[in-house]
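**Student:** Have a look at the structure that comes next, please.
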Amino acid sequence: MRAVICERYGGPEVLKIVDVPKPEPKDNEVLIKIHATTVNSGDARVRALRVPLGLGIVVRLSMGFFRLKQPILGFDLAGEVEAVGGAATRFKPGDCVVGAGDFTLGCHAEYRCLPEDGALVHKPESLTYAEAVSLSFGGSTAADFFSRAGLKSGETVLINGASGAVGTAAVQIAKHHGAQVTGVCSAANLELVTSLGADHVIDYATEDFAKSGATYDVIMDTVGNAPFSRVKGSLKPEGRFLMINGNLPQMIEAALRSQVIGGVANASDPVFGERPFDYLMRLAEEGALKPVIDRTYPLEEIAAAHAYVDTGRKTGSVVIEVAPG
Ligand SMILES: NC(=O)c1ccc[n+]([C@@H]2O[C@H](COP(=O)([O-])OP(=O)(O)OC[C@H]3O[C@@H](n4cnc5c(N)ncnc54)[C@H](OP(=O)(O)O)[C@@H]3O)[C@@H](O)[C@H]2O)c1
């Protein structure tokens with residue numbers, strides 16, 4: 001099968017499309033023919049080893065010191081089950097599914113095996129493969145942080161970076177849970193963020209929310225330029241700061257302050273009492289979570305997709321069509 005391998009840390013040019021053996025499902029796994037995957041900010045960060053201050057050594061130790069132990073990137077997939085392992089009962093060949101390899105990556109390829117009891121669900125018929133997979137990375141992250149924050153109806157939420165993959169999902173998920181949402185983004189994306197349900201939008205080029213005097217129950221920073229130390233005055237006394245994008249010193253501070261919720265989201269721990277992909281696909285079917293797809297590239301042009309994600313200015317998700325249809 002064809003797969004995209006990342007030969008070493010570097011620019012998009014380190015990506016190569018090569019032939020590798022097609023995987024075979026273990027007893028509890030299903031083999032999925034991938035139709036669509038995404039290039040997300042995490043893929044681009046790992047490829048470039050572009051990580052927040054102090055985390056380079058941590059990433060090298062976990063992902064590989066000089067080259068990636070798992071050279072095939074790709075967090076998520078949507079596709080069709082081609083075969084199942086001997087003990088797998090939840091899925092059968094022909095099922096349309098959406099899921100994530102999570103930290104094991106490996107989805108930038110034509111096939112991937114995933115455990116049937118992991119982050120894998122049937123794809124709603126109302127969503128295309130591209131739409132379903134576009135909700136995965138940002139949706140599972142936003143839902144994880146809001147769930148850990150115990151987001152409640154009626155609370156005020158500010159999302160810094162409301163137009164990215166995490167931000168577009170966060171706006172919609174917060175609205176779904178009855179919050180009053182303020183989104184911070186560039187002027188070009190004010191309309192998009194409003195269309196997703198934000199009650200207020202702030203153009204960061206003309207207004208610094210941290211100096212406005214307004215206070216919020218929850219502040220989510222997906223950009224990394226609004227750390228707790230800068231925005232704590234904008235939090236209500238019981239407020240929570242969701243540090244999606246923090247460096248090592250900020251993570252250490254987070255561990256010492258109950259107001260700060262940090263760490264790394266995963267697609268397996270329950271969110272609001274449900275498995276993340278069950279939750280995301282249910283919201284999508286109910287019309288509460290709409291896919292935001294910025295661009296779509298064929299697998300052959302994955303290096304161009306990485307270059308676009310590297311700009312840090314994508315809106316929502318960048319989808320890779322592996323097998324169109
Ligand atoms: N902790 C975790 O578990 C976790 C999980 C997922 C992602 N992350 C991290 O979270 C970050 C965001 O991820 P993502 O996938 O949402 O990224 P993304 O899709 O690449 O987000 C890009 C967005 O950032 C916005 N932006 C850039 N400069 C900004 C500024 N000064 N103020 C406000 N918005 C600004 C851009 O909006 P405009 O064009 O409108 O400026 C763009 O829409 C990444 O660094 C990623 O590594 C962490």
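What follows is calculated from the coordinates using simple rules that are stated; it is not laboratory data. Computed from a predicted structure; not experimentally measured. Every residue, glycine among them, receives a Cβ derived from its backbone with ideal geometry; neighbour counts consider all protein chains shown.
**Student:** Enter the Cα centre distance for the pair the range 195-218 and the range 1-73, rounded to the nearest angstrom.
**Tutor:** 35
**Student:** As an exercise, identify the chymotrypsin sites (Phe, Trp or Tyr not before Pro) in the range 16-76 lying in DSSP coil whose Cβ has no more than 16 other Cβ atoms within 10 Å. Could the numbers behind the result be given before it?
**Tutor:** Numbers: sites: Phe65, Phe66, Phe75; in loops: Phe65, Phe66, Phe75.
Here the chymotrypsin sites (Phe, Trp or Tyr not before Pro) that fit, given the DSSP loop and packing criteria, are Phe65, Phe66.
**Student:** Over the range 218-306, what is the mean sequence separation of C-alpha contacts under 8 Å (at least six apart), divided by residue count, expressed as relative contact order in percent? Walk me through the numbers before you get to the answer.
**Tutor:** Numbers: 72 pairs, mean separation 17.0, N = 89.
Over the range 218-306, the number comes to 19 percent.
**Student:** Treating only the Cβ atoms of Lys and Arg (+1) and Asp and Glu (-1) as charged, compute the dipole magnitude of the chain about its Cα centre; round to the nearest 20 debye. Could you put the intermediate results ahead of the total?
**Tutor:** On the way: 31 positive and 38 negative charges, 183 e Å.
So the magnitude is around 880 debye.
**Student:** Bin width 5 Å, alpha-carbon pairs only: give the P(r) of the range 138-261 as whole percents, running from 0 to the bin holding the largest distance.
**Tutor:** Result returned by the calculation: 2, 13, 25, 26, 22, 10, 3, 0.
**Student:** Also, I was wondering about something else. Taking the Cα centroid of the range 261-325 and of the range 157-175, what is the distance between the two, rounded to the nearest whole Å?
**Tutor:** Using only Cα atoms, the two centres lie 13 Å from each other.
**Student:** How high is the relative contact order of the range 1-104, in percent, with contacts defined as C-alpha pairs under 8 Å that are six or more residues apart? Write out the running numbers ahead of the final one.
**Tutor:** Numbers: 178 pairs, mean separation 33.7, N = 104.
About 32 percent, as a whole number.
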